[in-house]
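Trainee: For reference, the structure I am asking about is given below.
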Amino acid sequence: MTLKRRDFLRSATLAGAAAALPSTLQGAIATARPSSASRAVVIASANGLKATSEAMQMIKNGSDALDAVIAGVNIVEDDPNDNSVGYGGLPNEEGDVELDSSVMHGPSGRGGAVASLRNIKNPSKVARLVMERTDHVLLVGDGALRFAKAHGFKEEDLLTEESRKIWLKWKENLSREDDWLPPHDIDAADVGETMPRWERTTGTINCNAVDLKGNVSGCTTTSGLAFKIPGRVGDSPILGAGLYVDNEVGAAGSTGRGEANLLSCSSVMIVEFMRQGRSPQDACLMACERIAGRTREKRLLDAKGRPRFNVNFYAINKAGDFGGAAIWSGARFAVNTGEPESRLVEMAHLYQRER
Ligand code: ASP
């Protein structure tokens with residue numbers, strides 16, 4: 001039974017990959033670099049248009065790739081209107097915002113990360129300090145907060161009014177069995193609609209760059225899965241899963257369902273695929289295939305055996321080539337190869353969404 005199911009999954013995955021071919025080719029055209037151009041490049045998830053422009057501006061002025069990507073993602077962490085990162089991020093199930101972030105610096109081979117960090121809106125800056133000012137790689141929870149405060153970070157309430165209202169709506173519509181009621185007509189016979197499980201918001205920014213010296217760095221920062229169990233940590237702060245950089249090869253990072261990525265450690269896998277000669281886009285597609293192929297829980301699969309969730313991967317190599325792929329079609333990512341304005345490029349995909 002298990003074997004049959006696995007075979008089915010494998011063929012579903014391959015069929016999906018074949019269906020993705022036209023957009024794979026399109027992506028390949030979109031990501032080919034003019035040979036005369038500098039190899040400097042910055043890519044990010046689709047919420048990173050401003051971040052990639054800022055990072056490229058800094059790189060053009062001579063900045064190291066890590067300084068550039070952190071300055072870029074800080075724009076998104078500070079933005080109250082991005083509900084998936086930093087200030088204004090959607091909170092955990094108790095209404096507390098908990099942030100995860102990681103950084104990796106290619107030239108030094110070092111990395112740092114924080115997870116479940118509360119009250120500090122720039123976890124990427126704290127992750128960098130973990131890398132530079134400790135002999136550790138990952139600090140979590142209260143220890144991460146105390147470390148940030150020791151370095152002068154000020155605590156602040158990260159829950160904006162908008163995010164609090166979204167959380168309250170979620171809580172009040174979660175169950176007809178609890179005591180929380182959404183706004184309703186006092187004469188209503190039935191109060192509250194149950195939100196479908198699969199509409200839980202996710203979102204993150206991953207940003208990777210090659211600088212003018214050809215050095216590679218990356219950063220991932222997020223408020224993680226909305227309404228998570230307090231203490232839940234996703235893929236973003238886990239080096240090898242939500243981010244990986246090898247200065248000899250390139251960088252990769254992710255957004256989307258962290259649990260799926262944690263079980264495959266895809267970013268380090270993508271970097272290894274690139275080391276073996278795969279293009280960034282093909283390496284990202286291979287990681288999507290791996291996740292689809294090893295997802296076996298029925299609750300996570302649709303009727304055709306395909307994941308009911310999405311994971312997106314973004315990758316650059318040392319030569320400045322870039323690419324991205326997602327399990328499901330429709331995703332885009334931000335790219336800047338030296339222009340004043342960044343652009344969005346379509347990602348390759350395993351499966352075409354049915355409309
Ligand atoms: N990957 C993030 C996490 O699982 C969320 C996301 O990117 O949507 O925490």
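Trainee: Count of lysine pairs in segment 102-234 with Cα atoms under 16 Å apart, counting only pairs 8 or more residues apart in sequence or on different chains?
Mentor: The number of close lysine pairs in segment 102-234 is 6.
Trainee: Just the number: Rg to Rh for the chain, Cα atoms, Kirkwood Rh, two decimals.
Mentor: Rounded to two decimals, Rg/Rh equals 0.99.
Trainee: Let me ask something else. Name the residue from Gly231, Leu285, Ile205 whose Cα lies farthest towards the positive end of the charge dipole of the chain, charges +1 on Cβ of Lys and Arg and -1 on Cβ of Asp and Glu.
Mentor: So the residue we want is Leu285.
Trainee: Additional query: Work from the charge dipole of segment 265-355 (Cβ charges, +1 for Lys and Arg, -1 for Asp and Glu, about the Cα centre) and give the residue of Phe322, Leu300, Val271 farthest towards its positive end.
Mentor: Of the listed residues, the answer is Leu300.
Trainee: Taking a virtual spin label 7 Å from the Cα of Asp190 along the C-beta vector, which residues in segment 155-182 bring their backbone nitrogen under 14 Å of it?
Mentor: Zone members listed by number: 176-177.
Trainee: Only Lys, Arg, Asp and Glu count, each charged at its Cβ (+1, +1, -1, -1), so figure out the dipole size of the chain about its Cα centre, rounded to 20 debye. Please list the in-between numbers first.
Mentor: On the way: 43 positive and 45 negative charges, 303 e Å.
Around 1460 debye, computed over the chain.
Trainee: While we're looking at this one, here's another question. Please list 3J(HN,Hα) in residue order for segment 296-310, calculated via the Karplus relation 6.51 cos²θ - 1.76 cosθ + 1.60 where θ = phi - 60°; whole Hz, with x for glycine and proline.
Mentor: Using θ = phi - 60°, the values come out as 10, 6, 4, 5, 9, 10, 8, 4, 8, x, 9, x, 8, 10, 10 Hz.
Trainee: Rounded to the nearest 500, what is the 222 nm mean residue ellipticity of the chain from helices alone, with -39500 (n - 2.57) per DSSP H run of 4+ residues and division by all residues?
Mentor: Details: 10 runs with 118 residues, N = 355.
After summing the helix terms and dividing by the residues of the chain, the value is -10500 deg cm²/dmol.
Trainee: Quick check for me: using +1 on Lys/Arg Cβ and -1 on Asp/Glu Cβ, what's the dipole size of segment 165-294 about its Cα centre, in debye to the nearest 20?
Mentor: Values: 14 positive and 17 negative charges, 97 e Å.
Computed charge dipole of segment 165-294: roughly 460 debye.
Trainee: Here's something else I'd like to know. Return the sequence-ordered ³J(HN,Hα) values of segment 45-62 in whole Hz as given by the Karplus equation 6.51 cos²θ - 1.76 cosθ + 1.60 applied to θ = phi - 60°, using x for Gly and Pro.
Mentor: Values per residue, Gly and Pro as x: 4, 4, 7, x, 4, 5, 4, 5, 5, 4, 4, 5, 4, 5, 5, 4, 7, x Hz.
None of the figures in this text is laboratory data; all of them are computed from the coordinates on show. Only a predicted model underlies this, so the values are computations on that prediction, with no experimental measurement involved. Glycine also receives a Cβ, built like all others from the backbone with ideal geometry; neighbour counts cover every protein chain displayed.
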